[in-house]
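One structure is given below, encoded as structure tokens.
The values are calculated or read from the model by the stated rules, or taken from the named source; none is laboratory data. Only a predicted model underlies this, so the values are computations on that prediction, with no experimental measurement involved. All Cβ positions, glycine included, derive from the backbone under ideal geometry; neighbour counts span all protein chains shown.
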Amino acid sequence: MLRYVARLDPLIFGLVIAVAIASVYPATGRGFTVVDAASKLAISLLFFLHGAKLSRDAVISGIVDWRLHGIVLIASYVMLPIFGVTLAHLFAGYVDPTLLTGLIFLAILPSTVQSSIAFTAIAGGRVPAAICAATLSNLSGVFLTPLLATLLINTQTGVTIAPGAGQVILIQVLMPFAIGQMFGPLIRRHIENQRRLIAIIDRLSILLVVFAAFSEAVNHGLWKTLGAPDLAKIVMIAALFLMLAIGGTYTAGRFLRLPRESRIVLLFCGSKKSLMSGVPIAAALFPAKAIGSIILPVMIYHQLQIFLCAIIAAEYQRRGRENSEITRS
């Protein structure tokens, strides 16, 4: 487990390389037109596959624990957005407004699916409930994230939603997702049999979208307005937001007197935020020149949450073993 904690998520290496290449050799002119069109197709493909992979049976079978799933949704779409908006207000004037917009956008993203379930399993939580909670969060995020972005970002920051974003979300996000859900029962088995290939397609699509976003941002002078101090500040704020997310979900579970296994589900499903959903939604919502700065907090939080949650899951696992040994003795 310690080897896992010490190892960076491979996607992070790819993201760093994509950002570095875009910073030195950004796509311009006709090349950018091709990359931009390809990134839009990649977004649609991502959400088609996302819709096809999410099983409605998992939601229906686990929905009986409506109290736990409702608490997870409230954590994801009420408590954490409050934390994000509060931090953005506190640091207004000290941090670039676009980065603070990215912080609010991070706060309204859905939970991850695979890693939330994996950490719940390691920690000894209720895996079926985690599957349901994470799936519900992702299903809800397709609709709630754009809605909350419109409500919070237009009123709380200096960055506005791109004109026509609603139509773009409908065409690039909602429609492919709905089609994926529609054909999911027919193709889900094939997707399950090609997990490695699908994972590669997911990651390459994200890297393409990131490259296109940072190319446009660099062409508009991204690194002339953002420097090392700005990056250090947003790393600190993302870490603080993660502390609030972990502490808030842990405290809520204790306050509501949830069983240990359910508290674990709330902790991991309620505090996690999805990079895989965040990057394409940002590309559909925001002006091209702002996307690079907006997804920086999401990229930073992604690695921080993997690292910290791995440590927490290992500690839960250790305590569970100790309790089992005491019970047997």
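Listed here are the residues, each with its yes/no results for (1) among the aromatic types (F, W, Y); (2) part of a loop (DSSP other than H, G, I, E, B); (3) at positive phi.
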position: I198; (1), (2), (3): no, no, no
position: I206; (1), (2), (3): no, no, no
position: D230; (1), (2), (3): no, no, no
position: I246; (1), (2), (3): no, no, no
position: Y250; (1), (2), (3): yes, no, no
position: R257; (1), (2), (3): no, yes, yes
position: E261; (1), (2), (3): no, no, no
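Among what's in the range 84-116 and is among the small types (G, A, S) and touching a Pro at 6+ places or on another chain (Cβ under 8 Å), pick the residue that is modelled with the highest pLDDT. Can you show your working first?
Of the range 84-116, the ones among the small types (G, A, S) are 84, 88, 92-93, 102, 107, 111, 115-116.
Next, only the ones that are touching a Pro at 6+ places or on another chain (Cβ under 8 Å) stay: 102, 107.
Numbers: G102: 92, A107: 96.
Step by step, filter the range 84-116, then rank; the result is A107.
What residue, among those in the range 1-38 that are of a type in the set (F, W, Y) and closer than 17 Å to E216 by Cβ, is modelled with the highest pLDDT? If you could, list the steps in order and put the result at the bottom.
Keep residues of the range 1-38 that are of a type in the set (F, W, Y), which gives 4, 13, 25, 32.
Next, from what is left, pick out any that are closer than 17 Å to E216 by Cβ: 25, 32.
Working: Y25: 88, F32: 85.
Looking at residues that are of a type in the set (F, W, Y) and closer than 17 Å to E216 by Cβ, I get Y25.
Taking the conditions exactly as written (among the hydrophobic types (A, V, I, L, M, F, W, C) and closer than 30 Å to K40 by Cβ), does I246 satisfy them or not? Let's see the steps before the verdict.
Working: among the hydrophobic types (A, V, I, L, M, F, W, C): yes; closer than 30 Å to K40 by Cβ: no.
When the stated conditions are applied, I246 does not pass them.
Pairs, please: C-beta under 9 Å, at least 6 apart or cross-chain, first residue within 17 Å of L109 (Cα to Cα) and surrounded by 21 or more Cβ atoms within 10 Å (Cβ to Cβ) and in the range 153-179, second at pLDDT below 70 and hydrophobic (A, V, I, L, M, F, W, C)?
Note: pairs meeting the criteria are I153/V159; I153/I161; F177/L54.
For the range 240-252, give me the residue count where each residue is touching a residue at least 60 places away in the same chain (Cβ under 8 Å) and surrounded by fewer than 24 Cβ atoms within 10 Å (Cβ to Cβ).
Pass one, the range 240-252, residues touching a residue at least 60 places away in the same chain (Cβ under 8 Å): 240-242, 244-246, 248-249, 252.
Filter once more, keeping what is surrounded by fewer than 24 Cβ atoms within 10 Å (Cβ to Cβ): 240, 242, 244, 246, 248, 252.
Residues in the range 240-252 being touching a residue at least 60 places away in the same chain (Cβ under 8 Å) and surrounded by fewer than 24 Cβ atoms within 10 Å (Cβ to Cβ): 6 in total.
Please count how many residues of the range 123-141 are part of a helix (DSSP H, G or I) and crowded, with 21+ Cβ neighbours inside 10 Å. Show your work before the answer.
If we filter the range 123-141 for residues that are part of a helix (DSSP H, G or I), which is where we start, we get 123, 127-141.
Filter again for crowded, with 21+ Cβ neighbours inside 10 Å, leaving 123, 129-138, 141.
Number of matching residues: 12.
The conditions are (1) hydrophobic (A, V, I, L, M, F, W, C); (2) out of contact with any Ser or Thr (no Cβ under 6 Å at 6 or more places or on another chain); (3) modelled with pLDDT under 85, and V159 fails exactly one of them. Which is it?
Failed condition: (2).
If we scan the range 254-263, do we find a residue that is surrounded by fewer than 20 Cβ atoms within 10 Å (Cβ to Cβ), farther than 27 Å from I82 by Cβ and in contact with a helix residue (DSSP H, G or I) (Cβ under 8 Å, 6 or more places away or on another chain)? Break it down into steps so the answer makes sense when it comes.
Quick first cut of the range 254-263, residues surrounded by fewer than 20 Cβ atoms within 10 Å (Cβ to Cβ) only: 254-261.
When the remaining residues are screened for being farther than 27 Å from I82 by Cβ, the result is none.
No: zero hits.
So is L308 in a helix (DSSP H, G or I), touching a helix residue (DSSP H, G or I) at 6+ places or on another chain (Cβ under 6 Å) and touching a residue at least 24 places away in the same chain (Cβ under 8 Å) or not?
Values: in a helix (DSSP H, G or I): yes; touching a helix residue (DSSP H, G or I) at 6+ places or on another chain (Cβ under 6 Å): no; touching a residue at least 24 places away in the same chain (Cβ under 8 Å): yes.
The answer is no for L308.
Taking the conditions exactly as written (modelled with pLDDT of 85 or more and of a type in the set (S, T, Y)), does T251 satisfy them or not?
Numbers: modelled with pLDDT of 85 or more: yes; of a type in the set (S, T, Y): yes.
In short, yes.
Please enumerate the residues belonging to the range 270-280 that are out of contact with any Pro (no Cβ under 7 Å at 6 or more places or on another chain) and either under 18 Å from F143 (Cα atoms) or not in a helix (DSSP H, G or I) (or both). Give the steps one after another, and end with the answer.
Applying the first criterion (out of contact with any Pro (no Cβ under 7 Å at 6 or more places or on another chain)) to the range 270-280 yields 270-273, 275-276, 278-280.
Selection gives G270, K272, K273, L275, M276, G278, V279, P280.
Only one of these conditions is not met by N219: (1) more than 19 Å from F83 (Cβ to Cβ); (2) out of contact with any Pro (no Cβ under 7 Å at 6 or more places or on another chain); (3) not acidic (D, E). Which number is it?
Every listed condition holds for N219 apart from (2).
Consider S215 carefully, then state whether it is of a type in the set (S, T, Y), crowded, with 19+ Cβ neighbours inside 10 Å, within 29 Å of T98 (Cα to Cα) and under 23 Å from the mean Cα position of the chain (by Cα).
Working: of a type in the set (S, T, Y): yes; crowded, with 19+ Cβ neighbours inside 10 Å: yes; within 29 Å of T98 (Cα to Cα): yes; under 23 Å from the mean Cα position of the chain (by Cα): yes.
So S215 passes the test.
Residue by residue through the range 39-50, note down the ones that are surrounded by 16 or more Cβ atoms within 10 Å (Cβ to Cβ) and modelled with pLDDT of 75 or more.
Correct list: S39, K40, A42, I43, S44, L45, L46, F47, F48, L49.
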